[in-house]
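Contents: one structure, followed by commentary.
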Amino acid sequence: KQWYQRRVRASSVLGLFIIYGYIQEKIFHIPGFRAHGWYLSFIQFTFVSVISYIDSSLLSKSAKRREMPPYYEFMILSWMTVGTIGLSTVALGFLNFPTQVIFKSCKLIPVMIGGIIILGKKYTLYDYCSVFLMCFGLIWFSLADQTVSPEFEPKGIIIICLALCFDAVFGNYQEKLLKKYPHFTNSGIIFYTYSFGSVIIFTWLCATGQFLTSMQFASQHSDVYPLAMVYATFGYLGVQCVLALIKSSGVLITTIVTTMRKVLTVVLSFLFFTKPFTFQYVWSGSLVFLGICISIYKRNRIPILNAISSTIIAIQSFKNSHRTPISMADRTIQQV
C-alpha cells in the first residue's frame, strides 16, 4: 500500500508540474502578453490565497490558532516568494521557456556563493564540480538562446538570477518556519504568504502604472483569466503533492522526481511549442543535468549506495529463485 501511495504521489508531482509549465508557456504565447508577467503573478497569488484559505479553514481542521507564527514571519516569507515566483514569471518575457527552467534548476550556485562569502563555509570537490558544470552549461545554453531565439534579451538573465538568489534564501527560511511551528498547516502558511504577496504585487503594479494596462489587456483576451486560474490551481496542487512526497518518501526521491520533471518540461516545451533549435541546447543542458546529478549524489550518497546494493541483491535473488534445478543425473554428467 505504501509503495502504491508513493508511486501515485511521484506521478502526481510529475503530471501536475508538467501541466503547470505547459499552461505557463501557453499563456506567454498569447500575442502581446510578454509585458504582463507581474499581472499573471498577481492573479496566481490571489487565486492561490483563495484555494489555500478554503483548504486550511474547511479541510485542515487540525490547524491550531495558538501556534500561528507572527505576521512579520509571513511578511518576510512573502517578499521571498514574490522574488522567487514573480521574477521567474517576469523573466519569461525576455527568455525562452527552456532557458528559464534550466536557470531555475541551478539554485546550488547562489547557495554556495552565499555560503562562502557570508558564512565562510568550506565545500567539497563534489560541490565545486557540480557548480562548475552548471555554470559552464548555463553560459553555453544562454549563448545558444541568444543566437537562435528572437525573444532573448540579456535583461532576462539578470532577472532570473535575482529569482535564483531569492529562491536560495526562501527554501532555508521556509524550512526554518516549518520546524519552528510544526503544528501549523502547510495550507495556512501558503494562505498568509500568498495573501501578503498579492498585496505586494498589487502595490507594485499600481505604483508602476501597469495594473490598469494589464487588466485591460486581459479583458480583451478571453483566455487569459481561465488559463491563469488553471495555472494557479495546478501550481498549488503540485506544491502540496511535493510536500506529501517528502513526508512519505524522503528528500532523495523527491529531488529525483522534481529533477526529472524539469527535464521532461524542457523536452516537451520543444515538442509542443514551435521555437528555434540548435544542438548546443542538448549538450549544454546535459552539462547542467550532470551537475544536478552530482549534487544529488553528494547530498544523498549513503541512501543512493544502499538503494543500488539493495537492487543488485534483489536482482540476484530473483535470478536464483527462477533458476532451473539440476537433477542428480545431469550433475553427474557435468562432473564427468
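The values are calculated or read from the model by the stated rules, or taken from the named source; none is laboratory data. Since the structure is predicted, the reported quantities are computational estimates derived from the model, not experimental observations. Please note: Cβ atoms are built from the backbone with ideal geometry, for glycine as well, and neighbour counts cover all protein chains shown. The protein model used for the area step is the full one, side chains on, heavy atoms only, and it has no ligands, DNA or RNA in it. Shrake-Rupley method; radii C 1.70, N 1.55, O 1.52, S 1.80 Å.
Data table
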item	result
Rounded accessible area per residue of the chain, 1.4 Å, Å²	55
Residue-level accessible surface for TYR128, protein heavy atoms, 1.4 Å, Å²	110
Within the chain, longest stretch clear of exposed trypsin sites (Lys or Arg not before Pro) (DSSP loop, no more than 10 other Cβ within 10 Å)	123-322
Segment 127-243 - charge dipole about Cα centre, Lys and Arg +1 at Cβ, Asp and Glu -1, debye rounded to 20	440
Dipole of the chain, positive end: most advanced residue of TYR181, GLY238, PRO110 [Cβ charges, Cα centre]	TYR181
Student exercise, the chain dipole from Lys, Arg, Asp, Glu Cβ charges, in Debye to nearest 20	1280
Accessible area of TRP204 in the full protein assembly, 1.4 Å probe (Å², nearest 10)	120
Stretch gain in nm, segment ILE116-THR208, where the contour uses 0.36 nm per residue and the Cα spacing is subtracted	29.5 nm
Cα principal axis extents for the chain, largest first, Å	94, 56, 48
Hz values of 3J(HN,Hα) by residue in segment 305-311 - Karplus curve (6.51, -1.76, 1.60), Gly and Pro given as x	5, 5, 5, 5, 5, 5, 5
Highest average packing first - 182-195, 210-223, Cβ atoms within 10 Å	182-195, 210-223
Counting all C-alpha pairs of segment 88-139, share separated by more than 15 Å (%)	54
Carbon/sulfur fraction of accessible area - the chain, other protein chains in place, 1.4 Å, %	68
Theoretical FRET efficiency, 1/(1+(r/R0)^6), r = Cβ-Cβ of ILE304 and SER222, R0 41 Å, to 0.05	0.25
Extent along principal axes [Cα atoms of segment 73-199; Å; largest to smallest]	49, 37, 20
Surface accessible to a 1.4 Å probe, ASP167 within the full protein complex, Å²	30
Length released on extending from LYS155 to VAL50, taking residue separation times 0.36 nm less the Cα-Cα span	34.5 nm
